[in-house]
Amino acid sequence: MKVNVYSEVKKLKIVLLHRPGLELENIEPDLLEELLFEDIPYLKKAQQEHDYFAKALKDNGVEVKYVTDLLTNTLEKKGLKEQFVDEYLNLSEVKNEYILEALKEYLLAFETKEMVRKIIGGVRIDEFKLTKNSFSTVVHLNKQFYLLPLPNLYFQRDPVAFVGRGALINRMKTKARRRESLFMKYVLKYSDEFSNIPIYYDMNEPFSIEGGDVLVLSDKVLAIGISQRTDPEAIERVANKIFYESDESFDTILAINMPKKRAYMHLDTIFTMVSENKFLVHSKLETSLHVYVLKKNKDEIEVTEEDLQLEDVLKKYLERNDIELIKCGGDDEIAAKREQWNDGSNVLAISPGTVIAYERNYVTNQLLREKGINVIEIPSSELSRGRGGPRCMSMPICRE
Ligand SMILES: NC(=O)NCCC[C@H](N)C(=O)O
């Protein structure tokens, strides 16, 4: 499978998705904050909405790959089931040796496909009895889960980011999402479907970076948000790797400083590209931004700082004057807040000027159409409860 991502908008050919599963049925009110959800989703409806999203992509000529299929095939073909479970449990919050031993035995007893479904879905206390009990295991039995679910996995944008011909295997900021990166790490490392993909970041690095913060603005310019989820040190390591240890064409990284708060969770929460010169932005993003410009010089990275309007940053570094910003919700203050809350700025371009957007953000979608953008709308009553949009739910593997 060819990895080729040098744009946010060029024709999308292959995309990575995860269809929500059991994991959404294991979100309960006391876990909402820890699991990064705002409400309890209804799985059946969420799956129907996700299938609608996948169909919209396929109907537009995009090949859809599911991370669970890729992982299952890799583990089966390469006999890596046990090694994966060991590494996966090691990344989990489970430290009690009796519980780890019992969990490993329980998970390995499943067929690979079912095991993959289970490790994503979580394991409840009532699914098996511990044979050995000690004081510490008894304490743990007062909880509801041996292994917490991964309900954010359908936001495939974040754990692994394809950039150029390579990939960032991201260290996710929160414990709730840390395990997610291991899925594609195994696929990229062991699967025959991907060969010799250069890796520009690894999940074992100490600093976090999430794919929602990474935008491939052109074959020379990356934009990476310094956000609640992405550390400047991670950006620095990615820059050094791509500039000096790869044959990529990128020579500029715009590190955009962002408010470190959930409403601005990732750069793509407030800023996405919809055509070669048009961008959809959070209505408050028109103020000046503090941007650190990392330039590839001969031996080391040259860093300059800019306090510019986003439009001026884009004109300067994309070297074009026809840059146009479209505000989420337009000039209607209340619509802007409402639609931003439901990821109105987070659309997925499947070709220049054609985007997939949530139907609920109809004010923004109308504004996009008035600017000549073709908007394909999808339902999201349940998907939205995880606070992510169509761009969050997809990771392009190959664009034209
Ligand atoms: N790129 C994105 O904006 N992803 C959305 C992630 C939502 C998820 N509930 C999270 O808080 O990480």
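The values are calculated or read from the model by the stated rules, or taken from the named source; none is laboratory data. These numbers were taken from a predicted model, which means no experiment stands behind them. Heads up, the Cβs are rebuilt from the backbone with ideal geometry, glycines too, and the neighbour counts pull from every protein chain shown. The accessibility values were calculated without ligands, DNA or RNA, using every heavy atom of the protein model including side chains. Shrake-Rupley method; radii C 1.70, N 1.55, O 1.52, S 1.80 Å.
Points worth noting:
- Strands (runs of 3 or more DSSP E) fully within segment 232-312 counting 3 or more residues that are of a type outside the set (D, E, K, R), open to solvent by less than 10 Å² (accessible area, probe 1.4 Å) and more than 16 Å from the ligand (Cβ to nearest atom): 252-257
- Any hit, segment 64-82, residues being open to solvent by 80 Å² or more (accessible area, probe 1.4 Å) and of a type in the set (S, T, Y): no
- Residue in segment 37-57 that is surrounded by fewer than 19 Cβ atoms within 10 Å (Cβ to Cβ), at pLDDT below 95 and outside any helix (DSSP H, G or I) present: yes
- Of all residue pairs spaced 6 or more apart or on separate chains, those with beta-carbon atoms under 7 Å, a first member in segment 378-389 that is under 10 Å from I40 (Cα atoms) and a second member that is within 10 Å of the ligand (Cβ to nearest atom) and open to solvent by 20 Å² or more (accessible area, probe 1.4 Å) are R385/E38.
- Within segment 338-363, residues that are closer than 20 Å to H50 by Cβ sit with their Cβ atoms under 7 Å from residues that are open to solvent by less than 10 Å² (accessible area, probe 1.4 Å) and of a type in the set (K, R), at 6+ positions apart or across chains, in these pairs: N346/R391; V347/R391; L348/R391.
- Residue in segment 108-140 that is surrounded by the fewest Cβ atoms within 10 Å (Cβ to Cβ), counting only those that are of a type in the set (A, V, I, L, M) and touching a Ser or Thr at 6+ places or on another chain (Cβ under 6 Å): L130
- If the condition is being more than 13 Å from the ligand (Cβ to nearest atom) and not in a loop (DSSP other than H, G, I, E, B), then segment 374-395 contributes N374, V375, I376, E377, I378.
- Pick from segment 119-174, criterion hydroxyl-bearing (S, T, Y) and in a loop (DSSP other than H, G, I, E, B), ranking: nearest to the ligand (Cβ to nearest atom): T174
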